[in-house]
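Here's the structure, in structure tokens; my notes come after.
The values are calculated or read from the model by the stated rules, or taken from the named source; none is laboratory data. A quick note: this is a predicted structure, and the numbers were derived from the prediction, not measured. We place every Cβ from the backbone using ideal geometry, glycine too, and count neighbours over all the protein chains shown.
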Amino acid sequence: MTPTRTRNPFTPGSGKSPPYLAGRENEQNRLRAILANMTAGESPAADMVMYGPRGMGKTVLLNWLEIEAKKGSTKDNPIRTSWTTPNKLTSPADLWSYLLSQDWKKRLKPDELTAGLGALSATWESKGAANQVLENTLVNECKKSPLVFLMDEAHTMDAGLCNGLLNLSQEIRREAPFLLVLAGTPGLRHFLSTVNASFVERSDKIGIGRLDAQATADAIVKPLNEHGIEIDDSTLAPVVEDSQHYPYFIQLWGESLWDLAKEKELQKLTSHEVTAAKTRVESVRLGFYSSRRRRLKDDGLLKVAADCAAIFQDQSRFKEVDLEKAIKDALPDNQSDERYESQVLRDLARHEFIWNPPDTDLYEAGIPSLMRYVLDKQREHIQN
């Protein structure tokens, strides 16, 4: 059977859903349970905070959650979803426009809607009458139709708006089914700690990291097989290893293997195609590494990132105190103090060079091969 001549199903890029969502069964089950409770009229006990390095599939999981919420809706208790990003929010009025249903807004005259939402800018902090009216309206809407509110790139949100949203979520959840999902990079945890909402630490956290070997293999093999392309385990093994189980690289590999099979009209991929595909993958990956390294350099973090990368060569996870020691050793004496070392650690997490998954005090590499690239380039620089 000749491989099906359809569009390449693999999706290396920002937030595009892969042809097969592998390795997220635990996260999906947790989210399904929350949706089931909401359909039954129960409100989640806490907000959901979803974080991890870029390219791990946070936006993909948000996409899945939105679709799953719609699938789980019933005629008597439909679940409404709303999705936005911080760049679309310039005021509380913008935020409310995503929270309130289109049906509610259609019932108002344009001038009434503009006046009601516009008043929020002055009443957000003081909890004035206009704000309370809209809060009551949202509670009543959520009682009729539970709301899942999805905020991607939440680490870039205005701190004041974020504080208001978190407090609003707590108020609404007391009375009606409402789920706030904040997704972002590893820097999201620190950002949330700065917005003066102490209860945020009690939020439900999901860390989105690399897949395991089996999930990585499934993410590549199943879409290929579905379109009549085979690859045996021994041929696949170096692909799985080279991808480092990083979802973005997995999709790059799948895309390259698919393209080769299509070009050559192959039913089965061999080690020859894997070698050819690797050349394509490495070309894209080099640009990816170079861009990430340049960002570290622009922020004055290149040397300390390389020194951290050096200690990760022999061990995959480190305690915060060990990383801070490595940072201290890398910094000039006049910059080395506990407060500054903690800031550098946060900066490396903000760059997703390292990250701290939930339920552990250990840090791990965002992408191990990026660490090796930064370290190798630093060693080349020293030698030259």
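Worth a mention:
- A single member of 117, 113, 108, 134 is modelled with pLDDT under 90, farther than 30 Å from residue 16 by Cβ, touching a Lys or Arg at 6+ places or on another chain (Cβ under 8 Å) and not small (Gly, Ala, Ser), and it is 113.
Conditions tested, residue by residue: (1) at pLDDT 95 or above; (2) among the polar types (S, T, N, Q).
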residue	(1), (2)
178	yes, no
203	no, yes
219	yes, no
225	yes, yes
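- Considering the range 285-320, the residues that are of a type in the set (A, V, I, L, M) and more than 13 Å from residue 367 (Cβ to Cβ) include one that is surrounded by the fewest Cβ atoms within 10 Å (Cβ to Cβ), namely 286.
- Restricting the range 145-173 to residues that are closer than 21 Å to residue 134 by Cα and among the β-branched types (Val, Ile, Thr) leaves a set whose member that is surrounded by the most Cβ atoms within 10 Å (Cβ to Cβ) is 148.
- Counting only helices (runs of 4 or more DSSP H) that fall entirely inside the range 289-367 and contain at least 3 residues that are under 15 Å from residue 187 (Cα atoms) and not hydrophobic (A, V, I, L, M, F, W, C), the qualifying elements are 338-350.
- Hey, residue 284 more than 19 Å from residue 223 (Cα to Cα), β-branched (Val, Ile, Thr) and touching a residue at least 12 places away in the same chain (Cβ under 8 Å) or not: yes
- All of 93, 122, 154 fail the test of being modelled with pLDDT of 85 or more, within 29 Å of residue 193 (Cβ to Cβ) and out of contact with any His (no Cβ under 6 Å at 6 or more places or on another chain), apart from 154.
- Looking at 54, 80, just one residue is surrounded by 12 or more Cβ atoms within 10 Å (Cβ to Cβ), within 17 Å of residue 169 (Cβ to Cβ), at pLDDT below 95 and not β-branched (Val, Ile, Thr), and that residue is 80.
- Scanning the range 286-331 for residues being in the same structural domain as residue 378 (by TED's automatic domain parsing), aromatic (Phe, Trp, Tyr) and within 15 Å of residue 352 (Cβ to Cβ) gives a total of 1.
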